[in-house]
Amino acid sequence: MVKAVNGQRLIEKFESWSPKSLAVEGDNVGLQIGTLNKPIKKVLVTLDVLEDVVDEAIEQEVDMIIAHHPILFKPLKTLDVSTPYGRMVEKLIKHDVTVYAAHTNLDIAQGGVNDLMAEALGLANTEVLVETTTDPLKKLVVFVPEEQAAEVREAIGNAGAGFIGDYSHCTFNTQGTGTFKPGDATNPFIGEQGEMTFVSEVKLESVFPASKQKQVLKAMEKAHPYEEVAYDVYAMDQPGETKGLGRIGKLAAEETLEAFVERVKAAFSVDHLRVVGDLQRPIRKVAVLGGTGNKYMRHAIRKGADVYVTGDVDYHIAHDAQMDGLAIADPGHNVEKVMKEGVKKKIEAQLQEEGYNGTAVIVSTVHTDPFTFV
């Protein structure tokens, strides 16, 4: 049986790992054009939404575009369809192509743009470069019959509960007796209407990041046998995972800046890049930040980076870095295109997990870098 995912469900799964709440203030992320309330048979993943990309989507009979860079950065006052921008939006609407953007939230998300760039460069033991938020921890306490405890435990663990360091599915279980009296309008899983019922239950406790509360509770309710689930959610004082822009990590072995530049070229498929620093200086600790990283240069210095990989570096920022002894490798803004394959794989895995075999995911083949080296 062929089963295509609904747009709402597709984005719900996407936002389970790249939630809009991660985006920096003022960033216009989420639904940009069209509707999510429709079946999605084909998704196109792209860095930018340009007219050539829209034409590609129409030719490929795409239902939804998922882009890194928003098509709507600022509110529109008018939409003149005789202009290139207006013509592009008109095409999207006429051909019922939905556009969804994940910008700084995808930069920050685990497995997002900056993790993909760090992975491409071969960095190990990476940490956040620029802290933007901390995801507070919460605790779930749920009461479940002993026979179904394993199923509920597995479900909440798969949804993101119970992660402590490198350990997953961490819970604490206490056995006890639950009591309840089903009312006249109930359809109890255990017991009879109007009779006091005593059940051997497990009190199941597990921590989870606040950002995952919706999916953890949904998974719990789906796996739980009772029509009315007894559970509590508590706020915790322990700090949660720190999230933010950029990553900093180490190469497996020291190498010269000249050798590292060749590594950057190969990782991001670029022929040329701008470099600041002595090409023979040793490089080991690397900071990377996708997009425009000018204002975060000092973070790389404070965290002890030997080199900073980012795009759109200003002339005077380069001078500042040079004086402070920080090397820079600027391969441009467009190297964020690494997100296309990364997002494709992530979405495909989620679709396969839920049995959506009627939705295909493709990446845009349109070259969207406006710059050419001559």
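You can think of it this way: the chain between Thr78 and Thr174 has 28.4 nm of extra reach, that is 0.36 nm per residue less the Cα-Cα gap. Element breakdown for the chain at a 1.4 angstrom probe: carbon and sulfur atoms account for 50% of the accessible area.
How big is the range 147-203 by the Kirkwood estimate over distinct Cα pairs, in Å? Kindly include the intermediate steps, with their values, before the conclusion.
Numbers: mean 1/r = 0.0748 Å⁻¹.
One over the average 1/r among Cα pairs gives 13.4 Å for the range 147-203.
Mind checking the dipole of the range 302-366: about its Cα centre, +1 per Lys or Arg Cβ, -1 per Asp or Glu Cβ, Debye to the nearest 20? Once rounded to the nearest 20, the dipole reads 240 debye. Both radii are taken from the alpha-carbon atoms of the range 60-214; with Rh as the Kirkwood radius, Rg/Rh is 1.18.
Return the percentage of antiparallel bridges among DSSP beta bridges fully within the chain, rounded to the nearest 5 %. Of the beta bridges lying entirely in the chain, close to 70 percent run antiparallel.
Mind putting a number on the dipole of the range 191-294 about its Cα centre? Charges go on the C-beta only, +1 for Lys and Arg and -1 for Asp and Glu, and I need it in Debye to the nearest 20. Display every interim value, and only then the final one.
Values: 14 positive and 16 negative charges, 187 e Å.
In total the dipole reaches around 900 debye.
Put simply, the amide H of Glu241, placed in the peptide plane, has neighbours under 5 Å in Asp135, leaving out anything fewer than 5 places away on its chain.
Determine the distance separating the Cα centre of the range 298-374 from the Cα centre of the range 33-104; give it in Å without decimals. Rounded to whole Å, the Cα centres lie 21 Å apart. A Förster radius of 41 Å combined with the Cβ-Cβ distance from Asp324 to Val141 puts the calculated FRET efficiency at roughly 0.25.
Taking Cα atoms only, the orientation of helix 338-353 departs from the longest principal axis of the chain by about 20 degrees. A simple spin-label model places pseudo-atoms 7 Å from Cα toward Cβ; at Asp278 and Lys222 they are separated by 5.8 nm. Structural size metrics of the range 97-152, computed from C-alpha coordinates, are Rg and Dmax of 18.3, 49 Å. Remark: the chain carries a charge dipole of roughly 380 debye about the Cα centre, counting +1 on each Lys and Arg Cβ and -1 on each Asp and Glu Cβ.
Sum -39500 (n - 2.57) across every DSSP H segment of at least 4 residues in the chain, then divide by the residue count to get the 222 nm mean residue ellipticity, nearest 500. Walk me through the numbers before you get to the answer.
Working: 11 runs with 105 residues, N = 374.
Using -39500 (n - 2.57) per qualifying helix, the result is -8000 deg cm²/dmol.
Here is the P(r) of the chain: all C-alpha pair distances, binned every 20 Å from 0, give 25, 48, 23, 4, 0 in whole percents.
Accessible area per residue for the chain, computed on protein heavy atoms with a 1.4 Å probe, is 52 Å². Our Cα-only numbers for the range 248-374 put the radius of gyration and Dmax at 17.2, 56 Å.
Near the amide H of Val309, within less than 5 Å, lie the amide hydrogens of Ala287, Val288, Leu289, Ala329, all on another chain or at least 5 residues away, with H placed in the peptide plane.
Taking the Cα atoms of the range 188-293, the ratio Rg/Rh between the radius of gyration and the Kirkwood radius comes to 1.34.
How much length, in nm to one decimal, is gained on full extension between Phe373 and Thr242, taken as 0.36 nm per residue of separation minus their Cα-Cα distance? Let's see the in-between values first.
Working: separation 131, 0.36 × 131 = 47.16 nm, distance 3.85 nm.
Gain on extension, Phe373 to Thr242, equals 43.3 nm.
Could you please report the charge total around Val343, scoring K, R as +1 and D, E as -1 over all other residues with beta-carbon less than 13 angstrom from its beta-carbon? After counting each charged neighbour, the total is 0.
Model label sites at Tyr234 and Lys91, defined 7 Å from Cα along the beta-carbon direction, differ in position by 5.7 nm.
What length, rounded to one decimal in nm, is gained on full extension from Asp166 through to Asp271, with 0.36 nm per residue of separation minus their alpha-carbon distance? Could you put the intermediate results ahead of the total?
Values: separation 105, 0.36 × 105 = 37.80 nm, distance 3.81 nm.
Roughly 34.0 nm would be gained on extension.
The values are calculated or read from the model by the stated rules, or taken from the named source; none is laboratory data. Quick caveat, the model's predicted, so the values are computed rather than measured. Neighbour counts are summed over all protein chains in view; Cβ atoms, including those assigned to glycine, are modelled from backbone coordinates with ideal geometry. For accessibility, only protein heavy atoms count, side chains too; no ligands or nucleic acids. Shrake-Rupley method; radii C 1.70, N 1.55, O 1.52, S 1.80 Å.
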